[in-house]
1. For the stretch B:33-62, what are the residues that are polar (S, T, N, Q) and touching a Ser or Thr at 6+ places or on another chain (Cβ under 9 Å)?
2. Give me a count of the residues in the stretch B:40-60 that are surrounded by 11 or more Cβ atoms within 10 Å (Cβ to Cβ), within 14 Å of chain A (Cβ to nearest Cβ) and under 20 Å from A:Lys112 (Cα atoms).
3. Looking at A:Leu126, is it crowded, with 21+ Cβ neighbours inside 10 Å, at pLDDT 95 or above, out of contact with any His (no Cβ under 8 Å at 6 or more places or on another chain) and in a loop (DSSP other than H, G, I, E, B)?
4. In the stretch A:1-95, which helices (runs of 4 or more DSSP H) lie fully inside it and hold 3 or more residues that are within 16 Å of DNA strand D (Cβ to nearest atom) and on the phi < 0 side of the Ramachandran plot?
5. For B:Asp9, work out the one condition from (1) more than 9 Å from chain A (Cβ to nearest Cβ); (2) closer than 20 Å to A:Gln60 by Cβ; (3) within 11 Å of DNA strand C (Cβ to nearest atom) it doesn't fulfil.
6. Report the residue count in the stretch B:275-300 for those that are out of contact with any His (no Cβ under 8 Å at 6 or more places or on another chain) and within 18 Å of B:Glu329 (Cβ to Cβ).
7. Say whether the condition of being within 14 Å of DNA strand C (Cβ to nearest atom), under 39 Å from the mean Cα position of the chain (by Cα) and either surrounded by fewer than 12 Cβ atoms within 10 Å (Cβ to Cβ) or in the same structural domain as B:Phe115 (by TED's automatic domain parsing) (or both) is met by at least one residue in the stretch B:26-39.
8. Taking the stated definitions as given, is B:Ser283 out of contact with any Phe, Trp or Tyr (no Cβ under 8 Å at 6 or more places or on another chain), assigned by TED's automatic domain parsing to the domain that holds B:Gly202 and surrounded by 21 or more Cβ atoms within 10 Å (Cβ to Cβ)?
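The values are calculated or read from the model by the stated rules, or taken from the named source; none is laboratory data. A quick note: this is a predicted structure, and the numbers were derived from the prediction, not measured. Please note: Cβ atoms are built from the backbone with ideal geometry, for glycine as well, and neighbour counts cover all protein chains shown.
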There are 2 protein chains.
Amino acid sequence: MEKDITIYDIARELELSPTTISRALNDHPSVNKNTKQRISEAAAQMGYRSNLFASNLRKQRTNTIGMIVPRLDSPFHSAVIAGIEKIANEEGYNLIISQSLETLHKEVANAKTMFDSRVDGLLVSLSFETDSLEHFEQFINRGIPVIFYDRVTEHKNCTNIIIDNLQAAYKATTHLIEQGCTNIVHITGNLKRNVYADRLKGYKYALIDHNLPFTESNVLKSQLTEEAGKLAAEQILAMNPLPDGIFVSNDTCAVSCLRTLKQAGISIPRDMAVIGFNNDLTSRVVEPNLTTINYPGQEMGEVAVRVLLMQMNGTGEKIPSNTINLRSELIIRESSLRGKASPKKKDILL
Amino acid sequence: MEKDITIYDIARELELSPTTISRALNDHPSVNKNTKQRISEAAAQMGYRSNLFASNLRKQRTNTIGMIVPRLDSPFHSAVIAGIEKIANEEGYNLIISQSLETLHKEVANAKTMFDSRVDGLLVSLSFETDSLEHFEQFINRGIPVIFYDRVTEHKNCTNIIIDNLQAAYKATTHLIEQGCTNIVHITGNLKRNVYADRLKGYKYALIDHNLPFTESNVLKSQLTEEAGKLAAEQILAMNPLPDGIFVSNDTCAVSCLRTLKQAGISIPRDMAVIGFNNDLTSRVVEPNLTTINYPGQEMGEVAVRVLLMQMNGTGEKIPSNTINLRSELIIRESSLRGKASPKKKDILL
DNA sequence: TTGTACGCGTTATCAA
DNA sequence: TTGATAACGCGTACAA
């Protein structure tokens with residue numbers, strides 16, 4: 001366990017000043033080319049490594065991006081994180097990650113850690129429970145940009161990255177109606193969160209615009225997990241009359257629900273048409289294949305971090321738009337096709 | 001954008017020395033209780049936050065754990081990361097994450113970043129390409145513990161966390177044989193990696209122990225992706241005679257392969273029995289449900305980080321065992337049950 | 001129980 | 001083009 005080499009060691013070795021060493025290693029223009037060469041060779045040979053703490057301490061900057069997600073083990077968030085890490089890494093930033101596990105108190109604790117770690121920027125997707133943004137004010141007060149994605153909320157100083165959930169849900173519901181469904185159930189998550197509230201609105205407006213009644217009893221609140229899908233299916237089977245269409249707010253839950261219904265003897269899509277949300281791998285595996293909304297997680301991550309980097313390095317100019325909408329699309333598969341359409345036809349993008 | 005409050009500011013405010021402030025905030029025993037109380041109140045009121053860099057610089061310790069994974073968007077690695085984050089967070093450590101994207105050069109670059117970031121410990125699952133551990137020597141030389149999990153390699157100073165891949169594959173293959181399969185194909189990944197090499201061995205030994213021939217042509221090398229599953233299925237369909245059993249080294253690939261075979265008119269498990277690896281969600285969704293090996297990702301993450309923490313904080317004593325084996329198990333589902341066994345029976349654990 | 005003084009390794013500033 | 005010096009904020013040996 002040898003001692004670390006510092007720029008002083010190199011300076012002594014080369015009979016130069018530490019200043020020059022520092023400059024050379026940072027490729028400062030005012031250092032002689034030959035000197036630079038000598039220094040970088042010596043540094044490599046001596047096994048020098050820069051001390052980021054000292055540098056951060058001095059520069060008051062960490063080159064670190066913080067991230068708070070509800071859960072790390074979700075296909076959607078994995079995709080987002082993969083996108084973020086890719087860009088952050090390319091741009092020379094470290095990524096610190098923590099999960100709120102859908103609780104407010106963890107989210108608050110995570111925010112504190114991120115703050116103490118002096119992240120240069122923060123990317124957040126809110127937990128189910130979050131109903132106040134107080135724990136993010138500390139960042140905003142210090143000019144540290146905060147960006148919300150997917151599970152967002154309005155804040156005058158923060159950019160939101162989302163898809164048009166209302167429109168996507170509207171399209172999905174309309175598609176069900178066009179397939180002849182007249183009694184459509186919607187399985188949703190925590191309505192505090194924009195994503196679920198907006199999808200509910202889209203569902204509702206589509207019904208109304210097509211002169212179908214909207215009834216509260218057709219909206220099932222759920223945790224949207226695999227387990228919750230089974231429970232929802234049981235609730236649906238107890239309904240009288242049975243619905244003929246189901247729009248679920250994520251694929252995990254939709255797939256589990258679909259399978260439970262099938263096991264109970266319901267024919268999909270003939271008796272009930274089903275639509276999910278996210279385009280997870282499982283939507284392409286379940287039989288019949290699940291109609292769903294394609295939600296570009298990796299792309300969302302890349303956009304989010306790019307915008308964050310702009311704000312971090314920006315000359316202070318605010319980006320005019322406070323909300324960035326990414327394109328999403330309805331992918332029609334067999335689980336919702338009740339017409340004469342061949343079930344073998346290729347995926348159709350709307 | 002106010003200026004940061006430091007212990008000096010608090011000291012001035014309370015007419016005490018910075019030393020006392022520092023001690024009080026770190027709950028040092030030799031500070032008067034009342035003084036402590038006053039100080040922590042003032043700190044809270046003034047909006048003080050500790051500067052981790054200065055502290056790290058001084059303490060030569062970062063409270064940060066580094067992690068290098070092949071891909072962030074994989075169900076298995078997501079589960080591992082979730083487990084690691086949970087424990088690390090509880091113990092007050094930050095987590096820095098990067099992905100190698102299965103390439104050596106990225107893994108090397110990531111290792112350098114982790115080293116410069118002065119992580120206190122490192123968790124690694126190796127990329128497909130990695131064939132040298134040189135980039136980890138810098139850590140080991142400085143006494144920074146490195147732990148490999150899942151995709152591991154032998155190193156006299158590093159602990160490995162794995163499951164018994166050979167045994168798991170042996171069990172899976174034996175199960176196929178017991179179900180009457182005599183011509184079994186194995187779809188594997190990059191054989192440089194222990195996980196795939198060991199599973200191949202388990203497959204091979206099971207065949208030999210049951211007096212079945214082992215033929216190279218029955219081993220298909222693959223990227224184990226969704227796409228690769230389709231390709232593998234096509235290769236299998238071109239075989240003559242057709243095999244009657246398939247053991248695949250992950251679920252994503254197994255499911256995709258199974259579906260492609262079904263579409264080509266093969267009956268699963270009657271014509272071909274199929275077994276996967278990992279127990280991903282898709283294995284419970286595909287029809288017929290996939291027999292697979294349960295691979296406890298979250299648990300593996302938790303164990304890995306616990307062992308790492310012990311080594312980081314250990315009094316230098318080495319842990320006797322160099323390899324920690326976690327329990328895995330064969331989950332028998334319909335995709336491999338060819339006997340008279342009811343396909344509706346519950347999952348069977350072996 | 002409290003305080004003084006210094007060092008951790010780097011970079012910004014000013015001067016040469 | 002190079003160097004001397006101070007400062008970033010904290011923790012600790014030593015002194016009181």
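1. Hits for the stretch B:33-62 are B:Thr35, B:Asn51, B:Asn56, B:Thr62.
2. Count: 12.
3. Judged against the criteria, A:Leu126 is a match.
4. Result: A:7-14, A:18-25, A:33-46, A:52-59.
5. It fails just one condition, (3).
6. The number of residues fulfilling the criteria is 18.
7. Within the stretch B:26-39 (the criterion being within 14 Å of DNA strand C (Cβ to nearest atom), under 39 Å from the mean Cα position of the chain (by Cα) and either surrounded by fewer than 12 Cβ atoms within 10 Å (Cβ to Cβ) or in the same structural domain as B:Phe115 (by TED's automatic domain parsing) (or both)), the answer is yes, since at least one residue qualifies.
8. So B:Ser283 fits the description; yes.
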